[in-house]
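Data first, discussion second: the structure below is written as structure tokens.
Nothing in this text is a laboratory measurement; each read-out follows from the coordinates by a stated rule. All of these numbers come straight from a predicted model, not from anything done at the bench. Methodologically, a virtual Cβ is constructed for each residue, glycine included, from the backbone with ideal geometry; neighbour enumeration extends over all protein chains shown.
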Amino acid sequence: MSEERIHTYTAPGIVVFFEPKLCTHVAECIQGLPQVFNTRDKPWVHPEQAGADPIAEVIERCPTSALRYERTDGAPQEAIPKRNTVSVCPKGPLFFRGDLILTDALGNEVRRETRLALCRCGATRNPPFCDGRHFWQTFSDQGRVPGQALRQRTGAMPGALTITPLHNGPIQLKGPFELIDAKGVVRYREDGALLCRCGGSNNKPFCDFTHQWNGFQAP
């Protein structure tokens, strides 16, 4: 987890961490435990208002890792999912879950997470993360997966998924993952792919190299 602007909230049995720059206001926390997560208050997180178990359960619904926790009561920490998934959000980002290694374009590990939301509209000001800017753009992809992408790798798929946003280019995936369309259907199981993040591909969510001529720039 980055050390930049991480807020800490402590209560018996649990410590809650909040990283504002990753929050896209999905509001799973507010809907799940409004007595703990209340944006009308300052500070807005009150972990003393619920037990450690329900707080941990609600935090794990956060798709961006803006909210994290550490159990201090001897209970298990957040488990690494047994499979890596990439869900295509209609008109929105790519939601990753699993054993995720995010690297820079040179392959240096930036962070290791279980949950990430990465931009695919091309407009974020916090690349490669989604910052919610798709709400104000003309990005309208419905989260379908093209028919030719119906590939199914067979057998077990253990291991981490390495996610590398290429300079001025797509998101490169290396490692086992399942690609899930907007209807929740697994449409693709493979060990690698190039996913569009410029917003311009005609073969979304896959890259078709439109970024080479539409002026997309991102580290």
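Kirkwood hydrodynamic radius (Cα pairs, Å) of segment 85-212? Averaging 1/r across every pair of different Cα atoms and inverting gives 14.5 Å.
In this label model, Val110 and Asp191 are separated by 2.6 nm, measuring between points 7 Å along each Cα→Cβ vector. For GluC sites (Glu not before Pro), no site in segment 51-99 is both called loop by DSSP and has at most 13 other Cβ atoms within 10 Å. Within the listed set Lys82, Lys42, Lys204, the Gaussian network model of the chain (springs between alpha-carbon atoms below 10 Å) gives the highest mean-square fluctuation for Lys42. Build a GNM of the chain with springs between Cα atoms under 10 Å apart, and of Asp99, Asp181, Asp73 the one that fluctuates most is Asp73.
When the inverse distances between all different Cα atoms of segment 4-111 are averaged and flipped, the Kirkwood radius reads 15.0 angstrom.
Restricting the calculation to Cα atoms, the chain yields a radius of gyration followed by a Dmax of 17.7, 54 Å. Of the chymotrypsin sites (Phe, Trp or Tyr not before Pro) found in segment 8-99, those that fall in a DSSP loop while having at most 16 other beta-carbon atoms within 10 Å are Trp44.
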